[in-house]
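Asker: Quick one: this structure, given as C-alpha cells, is what I'll be asking you about.
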Amino acid sequence: MAEEPRNQRVPNLTDPLPLSPELIDKLHRLSEKYAAMGQDMGSYLEGLLQADYLTYWDYIHLETLLSLQNPRTPYLDEFIFITYHQTTELYFKLVLHEIRQIASHPSLTAGFFTERMGRVNRYFGILEHSYQVMVEGMDRDQFLSFRMALLPSSGFQSVQFREIEIVSTEFSRLLLNVPAELGSEASAEQLYDYIYWKQGATELATQQKTLTLRQFENRYSQELIRLAGEFRDRNLWRRFLDVQKTGAPTDDLVVQLREFDHRINVRWRLVHLRSAVRYLHKDPDDIKATGGTNWQKYLPPREQQRIFYPDLWSESERNQWGKQA
Ligand code: HEM
C-alpha cells in the first residue's frame, strides 16, 4: 500500500476547492454514467463520503484464508500437509479460470489461446517444483501417524483435478475399455462408468471400489457428467481444432499444448508418485493389510498412459510416454 506523502498539508475546510478542468471533466463523466442508469450522482458521492478505505486484509479476506488450516491431529507436520493441499487447489482454480476463458471466447485467436496456455503451464510449473514440499518436507513417522486420522480422504478426491482433465481433452481420452456396442453417440452419463480413475480406487484385498471412490461418486458424479456434456464441443482440443480451421499459424500453440499435456500427465504425476513412494508402504501385502489401493500399478504415468493430445505427439514419443523417468 502507498504511504501518504509526508509534506502534503491537510486541506482546510475554508480553502478554495481545487476544481481543475480535469476534475470538472471527471465529474461530468461520472454524472453521465449515473444518469445513464437513472441514478443520482449526488447520492453515490454521499456513499463515497461514508465508505471506509479498502484495506489489504479485507480485500483478500486474509483472516478467513488463514483460519482454514485446521489439522485433525497434534502432529505438527500435518499443518504443512493441509496448507500445501490448499495451495495446490488454489492453483487448480487458476488453471480452470484460464481454460474457461479459452472455452467460452466468442472469437478465439491463436494468440489469445497461446498466451492463456502459457499461464496454465506456469501454474503447473510452480506445482511441479514446489511439490518437493511434500516429497522432502515432512517427517515420515509423523506423516504415517496423522494420515491414519484422515482416512478415507485422499487427494484422489480433488474434484478440481478431475474438472481440469474433463475440460482439457476429449472425454474419450479419459475412458478405458468402453464396450464397442456403446457407439459414438453414447452420452456422457453412459461413458462415465468407464472413467479411468476408477482403476486407482480398487481395494487390493477385496477388489471392490474403495470408500474413497464411493464417497467421491456420491458427491460429484452428477456434476462431472454435466461438465463433460458442457465441454463436449468446447474442450481445449475442440477449441484447438476451431483455431486450426481458421488457417491461423498454430506452431506456438502446439508447443504450449504439448507442454501442458506433458506437465499434467507426466511431470506432475511423477513428482506426486515420488511422495507416495517415500511415505507409503511399498509391499503390496502391507497395502492389502491396511485396506490400501493398488497405487503402485495405478499412479506411474507409464502405466496410466494418459495423453490429452495424442495427435500432437509422434508415435515414438507416445511409445516413450512416462518411461524416461
Ligand atoms: C505426501 C503426500 C501425498 C501422498 C503420499 C499421496 C498419495 C496418493 C495416493 C496413494 C494416491 C492413489 C489413490 C489413493 O490410494 O488414495 C493419490 C492420488 C491422488 N493424489 Fe495424492 N498424495 C499426496 C499428496 C497430494 C497432493 C498435495 C495433492 C494435491 C491436490 C494430491 C492429489 C492427488 C490426486 C489428484 C490423485 C489422483 C491421481 C490420479 O488419479 O492419477 N496428492 N495420492
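Asker: Return a yes/no flag: does the range 53-60 have any residue that is under 22 Å from the mean Cα position of the chain (by Cα), within 16 Å of the ligand (Cβ to nearest atom) and surrounded by 10 or more Cβ atoms within 10 Å (Cβ to Cβ).
Answerer: No, because not a single residue in the range 53-60 is under 22 Å from the mean Cα position of the chain (by Cα), within 16 Å of the ligand (Cβ to nearest atom) and surrounded by 10 or more Cβ atoms within 10 Å (Cβ to Cβ).
Asker: Which ranges mark the helices (runs of 4 or more DSSP H) fully within the range 88-204 that have 1 or more residues being within 11 Å of the ligand (Cβ to nearest atom)?
Answerer: It comes to 110-130, 132-135, 140-148, 159-168.
Asker: Looking at this structure, is ASP233 among the acidic types (Asp, Glu), closer than 26 Å to GLN101 by Cβ and surrounded by 14 or more Cβ atoms within 10 Å (Cβ to Cβ)?
Answerer: no
Asker: Pairs under 7 Å by beta carbon, first residue under 18 Å from LEU48 (Cα atoms) in the range 12-36, partner outside any helix (DSSP H, G or I), six or more apart or different chains?
Answerer: As it stands, the answer is TYR34/ASP40, since those pairs meet every condition given.
Asker: I'm trying to understand the selection: among the residues of the range 182-205, which are free of Cβ contacts under 8 Å to residues at least 12 places away in the same chain and either open to solvent by 70 Å² or more (accessible area, probe 1.4 Å) or under 18 Å from the mean Cα position of the chain (by Cα) (or both)?
Answerer: Within the range 182-205, SER184, GLU185, GLN190, ASP193 qualify.
Asker: Let me ask another. Would you be able to tell me the number of residues in the range 298-321 that are under 22 Å from the mean Cα position of the chain (by Cα), open to solvent by less than 50 Å² (accessible area, probe 1.4 Å) and either within 13 Å of the ligand (Cβ to nearest atom) or hydrophobic (A, V, I, L, M, F, W, C) (or both)?
Answerer: So the answer is 8.
Asker: How many residues are assigned to a loop (DSSP other than H, G, I, E, B) and either within 15 Å of ILE99 (Cα to Cα) or of a type in the set (S, T, N, Q) (or both) when one looks only at the range 236-255?
Answerer: Total meeting the criteria: 2.
Asker: Contact list please: Cβ distance under 7 Å, first residue in the range 119-137 and open to solvent by 70 Å² or more (accessible area, probe 1.4 Å), second residue within 11 Å of the ligand (Cβ to nearest atom), pairs at least six apart or on different chains.
Answerer: Qualifying pairs under 7 Å: ILE126/TYR91.
Asker: Let me ask something additional. Take SER130 and decide whether it is among the small types (Gly, Ala, Ser), under 19 Å from the mean Cα position of the chain (by Cα) and closer than 30 Å to PRO74 by Cβ.
Answerer: Yes.
The values are calculated or read from the model by the stated rules, or taken from the named source; none is laboratory data. Treat the numbers as computed from the prediction; the structure is a model and nothing was measured. Counting neighbours? That spans all protein chains shown, and the Cβs are built from the backbone with ideal geometry, glycine included. SASA here: full protein model, heavy atoms, side chains in, ligands and nucleic acids out. Shrake-Rupley method; radii C 1.70, N 1.55, O 1.52, S 1.80 Å.
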